[in-house]
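> Before I ask anything, let me first share the structure, which is written out below as structure tokens.
The values are calculated or read from the model by the stated rules, or taken from the named source; none is laboratory data. Just so it is clear, the model here is predicted, and its values are computed rather than measured. Here the Cβ positions follow ideal geometry from the backbone for every residue, glycine too, while neighbour counts run over all protein chains shown.
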Amino acid sequence: MKLLVIALIICCFYCGCERPTESGSGDDGIPPGVPEGLRVYNASDGEIIIEWHYSNEPDIKLYNIYRSTDSLNFSLIDSAFTDYYIDDSLDYDTLYWYKITAKDYYGYESGFSGVVSAKPLNLHSPRIPRGIKINARNWGGKKSVYLSWLKNDETDIAGYKIYRGDEAGFVPDTSSFAGFTGKNEFEDSTAADFYHFYFYSVKAVDNGGLVSGPTAEVYDRLLEEPLLISPPDNSAISDFSMFIFRGTGAPADYKIIVQTNRFFGEVWQSDISSASAYDTIRVNAPRGVLYYNTTYYWRVAAFSASNEPNSVSPLFKFIISP
């Protein structure tokens, strides 16, 4: 008996005689203590952050978050596994009340904490959108300028205002307003003139009408399609040694693509740059890649301000004859 007591004392010394954890010996039947220190950390722009003292009881699984808009009728809205909670997408002018409980791994829930309240007033303008990119597109006869950017991380963003100018340094105001979108992308189909530079800037707008500053300008211009010369479409060509095409009316980068069917099966590509307008460009055909009596398809894409094509030629079909 004395040896058993000594063994228990040693076990408590090294392992602790605290409440069981999730992997402990079992249910002690005791609810967790009431959480302490609940307070509002921040409240603004449709977002309220509350925080509290994290319990040192080892079997705490989570904290339940209760919210009310009348201080009387609380509803469970979420659970947190940390010592804070962010409640977002709220009405600016509504007063919200919060209280929390702790819950352990055995399903026991503590009593309610004290109550805190806050109103998430619309105090700050959104941050300037980041990562704006531009891609003028002359694809399949449709001309437009496509913009994209990173979505703002504020939770009260209503959308984005798009501004367009005809020269660098334009003022993004009502006179240059080009459209509004609720997404982090915008396609301007009214920008349709070849070789005309279009300049753009974007502002974020929140649900209260506050507006961010403008992004840096981005610009691009629409290019005509490259004109394929050789091999001609639907041709059987012998003594084949090079691809020939005419470039656009402005300096551009090009990519020749050869494939085995109309939709995929790429077997070769080549990148070319030209600093001239309407330049006739010749590119040697690859050796050991293209074979006699095999049907191939080729096209040329032109690039300007983006990794996406600016313009794309029609797809030409050819066979190499022995």
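> Would you point out which residue out of ARG164, ARG127 is more than 30 Å from TYR66 (Cβ to Cβ), assigned to a strand (DSSP E or B), among the charged types (D, E, K, R) and outside the structural domain of ARG299 (by TED's automatic domain parsing)?
ARG164
> While we're on this one: Would you mind finding the one in ILE272, ILE256 that is in contact (Cβ under 8 Å) with a residue 40 or more places away in the chain, among the β-branched types (Val, Ile, Thr) and not assigned by TED's automatic domain parsing to the domain that holds HIS196?
ILE256
> Would you be able to tell me the number of residues in the range 102-126 that are among the hydrophobic types (A, V, I, L, M, F, W, C) and surrounded by fewer than 15 Cβ atoms within 10 Å (Cβ to Cβ)?
3
> Would you kindly identify the strands (runs of 3 or more DSSP E) lying entirely within the range 33-101 that contain at least 2 residues that are outside the structural domain of ILE157 (by TED's automatic domain parsing), of a type in the set (Ser, Thr, Tyr) and closer than 30 Å to LEU210 by Cβ?
Strands (runs of 3 or more DSSP E) meeting the threshold: 39-44, 84-87.
> Can you spot a residue in the range 303-311 that is farther than 30 Å from PHE180 by Cβ and hydroxyl-bearing (Ser, Thr, Tyr)?
no
> Now a separate question. Are there any pairs, at least 6 apart or on different chains, whose C-beta atoms fall under 6 Å, with the first in the range 88-101 and closer than 11 Å to THR69 by Cα and without any contact (Cβ under 8 Å) to a residue 40 or more places away in the chain and the second part of a strand (DSSP E or B) and of a type outside the set (Phe, Trp, Tyr), and if so, which?
LEU95/SER117; TRP97/SER68; TRP97/SER117
> Can you confirm whether SER306 is surrounded by 14 or more Cβ atoms within 10 Å (Cβ to Cβ) and in a loop (DSSP other than H, G, I, E, B)?
Taking the combined requirement at face value, the residue satisfies it.
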